[in-house]
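This report refers to the structure that appears directly beneath it.
The values are calculated or read from the model by the stated rules, or taken from the named source; none is laboratory data. In this text, all values refer to a predicted model and were calculated from it rather than measured experimentally. Neighbour counts are summed over all protein chains in view; Cβ atoms, including those assigned to glycine, are modelled from backbone coordinates with ideal geometry. Each accessible area value is taken on the protein alone, full model and side chains, heavy atoms only, with ligands, DNA and RNA left out. Shrake-Rupley method; radii C 1.70, N 1.55, O 1.52, S 1.80 Å.
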Amino acid sequence: MKIADVETANFTVFAPLAGITNLPMRLLAKKAGCGLVCSEMISSNGLVYNSGKTMQMLDSVPDEKPLSVQIFGSNPQMMADAAKIVEQSGAAIIDINFGCSVRKILKSNSGSALMKDPALARRIIHAVRQAVSIPLTIKIRSGWDASGMQALAIARLAEDAGIDAVAVHPRTATQGFAGKADWRIITAVKQALSIPVIGNGDVNTAADALRMRAETGCDGVMVGRAAIGYPVIFSQILAAAEGRVPPVVTDGQRIEVMVTYLKDSVRYLGEALACRMMRSRLCWFVKGMRNAAQFRNSIRFVASETEALERIRQYARSIDALPNP
């Protein structure tokens, strides 16, 4: 897939997920074959005002390139200034969030709220486009009703304003992640635009990814929640697309990935912060596995990398799937 002058290794994209797609998680996706990884959404205000925590969200390493960094906000000049900071950080692509429907984001007139205000949306896109030279994309929802007309309107507006690709999550702003994604809206947006369109929503298996491409004609397939703790889905999608049998991941391999995530989190975030996060995040990697509840209870208070590794070893022994941490 090619977005302006950025060519990705393949058509798969790891969706920007707030609080989840940090550097360690993106590295897992990349190692599993993902073509393009995206940062979690980053506040334009935080970047412009040089917030330490916000600036840390721009941390990247060569192994994850190309990286798309998603920003959100409602002030055109602030968004343009933030985009300059992102470009200077070495990101390959800047994405503008038009899809978040969390109340706090909507109250600031950001995210999905922009789909109600085409005039402001146009000003923001124009300001950011004028500020940076790297490719610019947007991620949208269906809009505020199920018709998809707002998605079409914003997508056309965005292409006219210089956007290089559009990602479409065809659920309404009020749906959140409930109900079923209406892939017909992806089809409609793809047919209306000449730039790449990336489909998102209800891609839970390799078969889903191939079906989305076949039914909608989309250029790329974005995977979100299904890849959390299970990045092998990207390898499975690529295998299926090439006519190969998708790899079957063993319990032992899933535990190896969990260990890698733990170690990378400690390396890039520091032991104290990483281990606090691991108390909930390691649970993602054992979803659907035997004795998962027992493991979840065992990591509730882990405070060091050594302790976390020991809990993982204990769990692995309980299911006869020893890793090599």
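General remarks:
- Given (1) buried (at least 21 other Cβ atoms within 10 Å of the Cβ); (2) within 30 Å of Leu210 (Cβ to Cβ); (3) touching a residue at least 40 places away in the same chain (Cβ under 8 Å), index of the condition Tyr315 fails: (2)
- Residues located in region 48-77, provided they are in a helix (DSSP H, G or I) and charged (D, E, K, R): Lys53, Asp63, Glu64
- When restricted to residues that are among the small types (Gly, Ala, Ser) and part of a helix (DSSP H, G or I), region 192-249 contains 11.
- Identity of the residue in region 139-191, charged (D, E, K, R) and under 18 Å from Gln70 (Cβ atoms), that ends up surrounded by the fewest Cβ atoms within 10 Å (Cβ to Cβ): Asp164
- Of the residues in region 216-230, none is buried (at least 16 other Cβ atoms within 10 Å of the Cβ), assigned by the TED database to the domain that holds Leu36 and touching a Cys at 6+ places or on another chain (Cβ under 7 Å).
- Residue that is assigned by the TED database to the domain that holds Ile237, β-branched (Val, Ile, Thr) and under 21 Å from Ile228 (Cβ atoms), where the choices are Val69, Val86: Val69
- Long-range neighbours under 8 Å by Cβ, at least six apart or interchain, first residue in contact (Cβ under 8 Å) with a residue 40 or more places away in the chain and closer than 16 Å to Ile94 by Cα within region 37-56, second surrounded by 14 or more Cβ atoms within 10 Å (Cβ to Cβ) and acidic (Asp, Glu): Cys38/Asp95
- Matching residues in region 94-124 - criterion: being touching an Asp or Glu at 6+ places or on another chain (Cβ under 8 Å) and over 15 Å from Leu47 (Cβ atoms): Asn109
- Condition check for Ile125: assigned to a loop (DSSP other than H, G, I, E, B), open to solvent by less than 30 Å² (accessible area, probe 1.4 Å) and under 22 Å from Val86 (Cβ atoms): no
- Restricting Arg141, Arg156, Arg122 to residues that are basic (Lys, Arg), within 19 Å of Cys38 (Cα to Cα) and in the same structural domain as Asp208 (by the TED database) narrows the list to Arg141.
- Just one of the listed residues (Ala293, Ala308) is among the aliphatic types (A, V, I, L, M) and either under 30 Å from Leu58 (Cβ atoms) or assigned by the TED database to the domain that holds Met25 (or both), namely Ala308.
Rundown of residues vs (1) modelled with pLDDT under 95; (2) of a type in the set (A, V, I, L, M, F, W, C); (3) over 22 Å from Val168 (Cα atoms), yes/no style:
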{"position": "Gly73", "(1), (2), (3)": "no, no, no"}
{"position": "Ala80", "(1), (2), (3)": "no, yes, yes"}
{"position": "Ile85", "(1), (2), (3)": "no, yes, yes"}
{"position": "Ser89", "(1), (2), (3)": "no, no, yes"}
{"position": "Phe98", "(1), (2), (3)": "no, yes, no"}
{"position": "Leu106", "(1), (2), (3)": "yes, yes, no"}
{"position": "Asn109", "(1), (2), (3)": "yes, no, no"}
{"position": "Lys116", "(1), (2), (3)": "yes, no, no"}
{"position": "Arg129", "(1), (2), (3)": "no, no, no"}
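- Filtered residues of region 74-90 (kept if open to solvent by 10 Å² or more (accessible area, probe 1.4 Å) and either within 12 Å of Met41 (Cα to Cα) or of a type in the set (A, V, I, L, M) (or both)): Met78, Ile85
- Residue match in region 266-286 (condition: open to solvent by 70 Å² or more (accessible area, probe 1.4 Å) and assigned by the TED database to the domain that holds Thr21): no
- Residues within region 4-30 that are closer than 9 Å to Glu40 by Cβ and among the small types (Gly, Ala, Ser), tallied: 2
- Whichever residue in region 235-265 is under 26 Å from Ala293 (Cβ atoms) and of a type in the set (Ser, Thr, Tyr) and, among such residues, is surrounded by the most Cβ atoms within 10 Å (Cβ to Cβ): Ser265
- For region 1-40, filtered to residues that are out of contact with any Asp or Glu (no Cβ under 7 Å at 6 or more places or on another chain) and of a type in the set (Lys, Arg), the residue that is surrounded by the fewest Cβ atoms within 10 Å (Cβ to Cβ) is Lys2.
- Subset of region 135-190 that is hydroxyl-bearing (Ser, Thr, Tyr) and part of a loop (DSSP other than H, G, I, E, B) - its residue that is nearest to the chain's Cα centre (by Cα): Thr174
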